[in-house]
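The values are calculated or read from the model by the stated rules, or taken from the named source; none is laboratory data. As the structure is a computational prediction, the values presented were derived from the model and not from experiment. Virtual Cβ from ideal backbone geometry, glycine too; neighbours counted across all protein chains shown. Quick note on the areas: whole protein, heavy atoms, side chains included, nothing else; ligands and nucleic acids left out. Shrake-Rupley method; radii C 1.70, N 1.55, O 1.52, S 1.80 Å.
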Amino acid sequence: MATYALLLRGINVSGHRKLPMAELRALLEALGHRGARTYLQSGNAVFTTEPGSPEHVLAAAIEEAIEQRFGFRCDCLVRDGAYLAAVAEACPFPADELEGKQLHAVYYSAPVTPDRFAAVDAGTYAPEAFALGDRVMYLYTPDGLGRSKLAEAVMKPSLNKGLVATARNWNTVRKLVEMTAGQDVSG
């Protein structure tokens, strides 16, 4: 069996696109996945399934099931536990020294290259900063994501055209690494 994290984009925000986590777990089990667990109400789940299915195929099946069950389309990313651990390990910022709200991982549906963000003069946003990794952007926002001008600049739809992108704060990044490693995490 392989363990995956499911990252849903834009659910349970301000009372819109409601997707109760108990129903998400039941939906994942109905799709044949096992051991479905969720973390927080913002669309994080972990499940196990037969190895070999590409992540994008798993995500597409879950997106379709959500649309059929809840009546709205929800972008999903699926990532295996090894990938999540590698993302956490490769963080170029001092994650252990920062509060979880100061550091984020923006996961992408495909690789992103520096030329995509060439129009963003990162120096003008200092001390905020970003760095790219394997289908991820590490985003350092000392005052939090909600107040970040750099996050606003790099998340513009024009810069992310053709991609699904969803951000998680570093606390959630850590929890998903733990959950996909099989550690018991309440939430």
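Would you check if there is a residue in the stretch 31-45 being at pLDDT 90 or above, of a type in the set (D, E, K, R) and within 19 Å of residue 68 (Cβ to Cβ)?
No, because not a single residue in the stretch 31-45 is at pLDDT 90 or above, of a type in the set (D, E, K, R) and within 19 Å of residue 68 (Cβ to Cβ).
If the requirement is being touching a Gly at 6+ places or on another chain (Cβ under 7 Å) and not hydroxyl-bearing (Ser, Thr, Tyr), which of these qualifies: 112, 87, 46?
Only one candidate qualifies: 87.
I need a count of the residues in the stretch 1-57 that are closer than 18 Å to residue 75 by Cβ, open to solvent by less than 20 Å² (accessible area, probe 1.4 Å) and assigned to a loop (DSSP other than H, G, I, E, B).
Total satisfying the criteria: 3.
Which of the numbered conditions does residue 159 fail, given that it passes all the others? Conditions: (1) open to solvent by less than 30 Å² (accessible area, probe 1.4 Å); (2) modelled with pLDDT of 95 or more.
Condition not satisfied by residue 159: (2).
Results for (1) buried (at least 19 other Cβ atoms within 10 Å of the Cβ); (2) in a helix (DSSP H, G or I); (3) touching a residue at least 24 places away in the same chain (Cβ under 8 Å), shown as yes or no for each residue.
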| residue | (1), (2), (3) |
| --- | --- |
| 107 | yes, no, yes |
| 123 | no, yes, no |
| 132 | no, no, no |
| 150 | yes, yes, yes |
| 153 | no, yes, yes |
| 172 | yes, yes, yes |
| 176 | yes, yes, yes |
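Of everything in the stretch 109-121, what is surrounded by 12 or more Cβ atoms within 10 Å (Cβ to Cβ) and without any contact (Cβ under 8 Å) to a residue 40 or more places away in the chain? Give them in sequence order.
Within the stretch 109-121, 111, 120 qualify.
Exactly one condition in (1) of a type outside the set (Asp, Glu); (2) open to solvent by 50 Å² or more (accessible area, probe 1.4 Å); (3) within 13 Å of the chain's Cα centre (by Cα) is not met by residue 146; state its number.
(3)
Please give the number of the condition residue 92 fails out of (1) modelled with pLDDT under 95; (2) over 15 Å from the mean Cα position of the chain (by Cα).
Against the list (1) modelled with pLDDT under 95; (2) over 15 Å from the mean Cα position of the chain (by Cα), residue 92 comes up short only on (1).
Mind listing whichever residues of the stretch 62-96 are open to solvent by 50 Å² or more (accessible area, probe 1.4 Å) and not in a loop (DSSP other than H, G, I, E, B)?
Once the filter is applied, which keeps residues that are open to solvent by 50 Å² or more (accessible area, probe 1.4 Å) and not in a loop (DSSP other than H, G, I, E, B), the stretch 62-96 yields 64, 67, 68, 69, 80, 82, 86, 89, 96.
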